[in-house]
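**Q** Once you've had a glance at the structure underneath, I'll fire off some questions.
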Amino acid sequence: MTKIVNVLLQQSGWFACVLGAAWGRPWTGAGVALILVSIHLMLVKDRGPELRLLLAAGLLGTVLDTIQGNLGIVEFRSGYILNWLCPLWVTVLWMQFATLLHFTADWMSRRYLLAVLLGAFGGPVAFYGGARLGAATLHPNLAVSLIALALEWAVAMPLLVWLADRFPVTPGYRGLPGKNALVRRT
């Protein structure tokens, strides 16, 4: 049950941020996603380590996507506070993604090579999806964007997994059945 709630919170936050930006309401999307991150933190049994992970992911993502933006790899549609800094909703997306690491994606713990491979594939796919929904524009030569994003996520994903390993939490959400609760005992 925890994994289902975790994915629902994260995916709802992703859509809030992406559609908020696409529809010219980046602050609304970021606000909704931050509320969902707050719900996640209220449910987590060990808030301190989880909060440190989410803040580190937000900082990492801000740096990486600011670099990508300044290189012309991606241009976010709306929400800029400073022209050279990626929008807040992008930072919140990275925090949203990190909410999966201790719960739905806990199987990736200490599997850094797998994280490289999944990041190199999944990162560009997520960006491409966000761009197709109108939240961003990719480089005119799509291959340039996809390769640059694959490299970014091939670095970011194992680093995020490593950070999750350094900030361990007790599995599960408060008040929800654990992962074995639905297993029938005979």
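Here, each number is a calculation from the coordinates, and none is a lab measurement. Given the structure is predicted, the values throughout are model-derived calculations rather than measurements. Don't worry about glycine lacking a Cβ; one is built from the backbone with ideal geometry, like all the others, and counts go over all protein chains shown.
**Q** Of the conditions (1) surrounded by fewer than 16 Cβ atoms within 10 Å (Cβ to Cβ); (2) farther than 30 Å from Leu142 by Cβ; (3) of a type in the set (Val, Ile, Thr), Ile67 fails just one. Which one is it?
**A** Answer for Ile67: the failing condition is (2).
**Q** Let me ask something else. Restrict the check to region 110-118 and report whether at least one residue is touching a Phe, Trp or Tyr at 6+ places or on another chain (Cβ under 6 Å), touching a residue at least 24 places away in the same chain (Cβ under 8 Å) and part of a helix (DSSP H, G or I).
**A** Checked against the condition, which is being touching a Phe, Trp or Tyr at 6+ places or on another chain (Cβ under 6 Å), touching a residue at least 24 places away in the same chain (Cβ under 8 Å) and part of a helix (DSSP H, G or I), region 110-118 yields no hits at all.
**Q** Can you tell me which residues in region 11-30 are out of contact with any Phe, Trp or Tyr (no Cβ under 7 Å at 6 or more places or on another chain) and either part of a helix (DSSP H, G or I) or surrounded by 17 or more Cβ atoms within 10 Å (Cβ to Cβ) (or both)?
**A** Gln11, Ser12, Gly13, Trp14, Phe15, Ala16, Val18, Leu19, Ala22, Arg25, Trp27, Thr28
**Q** Before we move on, is Ile35 over 18 Å from Pro168 (Cα atoms), out of contact with any Lys or Arg (no Cβ under 7 Å at 6 or more places or on another chain), surrounded by fewer than 20 Cβ atoms within 10 Å (Cβ to Cβ) and among the β-branched types (Val, Ile, Thr)?
**A** Judged against the criteria, Ile35 is a match.
**Q** Of all residues in region 48-68, how many are in contact with a strand residue (DSSP E or B) (Cβ under 6 Å, 6 or more places away or on another chain) and over 17 Å from Leu149 (Cα atoms)?
**A** Residues in region 48-68 being in contact with a strand residue (DSSP E or B) (Cβ under 6 Å, 6 or more places away or on another chain) and over 17 Å from Leu149 (Cα atoms): 1 in total.
Residues checked against (1) under 17 Å from the mean Cα position of the chain (by Cα); (2) farther than 25 Å from Lys45 by Cβ:
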| site | (1), (2) |
| --- | --- |
| Pro87 | yes, yes |
| Val90 | yes, yes |
| Ala115 | yes, no |
| Gly134 | no, yes |
| Thr137 | no, yes |
| Ser145 | no, yes |
| Leu151 | yes, yes |
| Met157 | yes, no |
| Phe167 | yes, no |
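**Q** Under 17 Å from the mean Cα position of the chain (by Cα), over 21 Å from Tyr128 (Cα atoms) and not in a helix (DSSP H, G or I): which single residue out of His102, His40 fits that description?
**A** Selected residue: His102, the only one of His102, His40 that is under 17 Å from the mean Cα position of the chain (by Cα), over 21 Å from Tyr128 (Cα atoms) and not in a helix (DSSP H, G or I).
**Q** Go through region 66-78 and give me each residue that's under 14 Å from Leu88 (Cβ atoms), part of a helix (DSSP H, G or I) and in contact (Cβ under 8 Å) with a residue 40 or more places away in the chain.
**A** Across region 66-78, there are no qualifying residues.
**Q** In region 67-98, how many are within 16 Å of Ala135 (Cβ to Cβ) and either touching a helix residue (DSSP H, G or I) at 6+ places or on another chain (Cβ under 7 Å) or not aromatic (Phe, Trp, Tyr) (or both)?
**A** 20
**Q** List every residue pair whose Cβ atoms lie under 6 Å apart, where the two residues are 6 or more positions apart in sequence or sit on different chains, the first residue falls within region 15-43 and is closer than 19 Å to Thr137 by Cα, and the second residue, located anywhere, is of a type in the set (S, T, N, Q).
**A** Sorted first by the residue in region 15-43, then by its partner, the pairs are Gly20/Thr28; Ala21/Ser78; Gly24/Ser78; Pro26/Ser78.
**Q** Being more than 20 Å from Ala33 (Cβ to Cβ) and in a helix (DSSP H, G or I) narrows it down to one of Ala154, Ala164, so name that one.
**A** None of the others qualify; the one that does is Ala154.
**Q** Return yes when Leu54 is surrounded by 15 or more Cβ atoms within 10 Å (Cβ to Cβ), within 15 Å of Asn6 (Cα to Cα) and of a type in the set (A, V, I, L, M) and no when it is not.
**A** For Leu54, the condition - surrounded by 15 or more Cβ atoms within 10 Å (Cβ to Cβ), within 15 Å of Asn6 (Cα to Cα) and of a type in the set (A, V, I, L, M) - is met.
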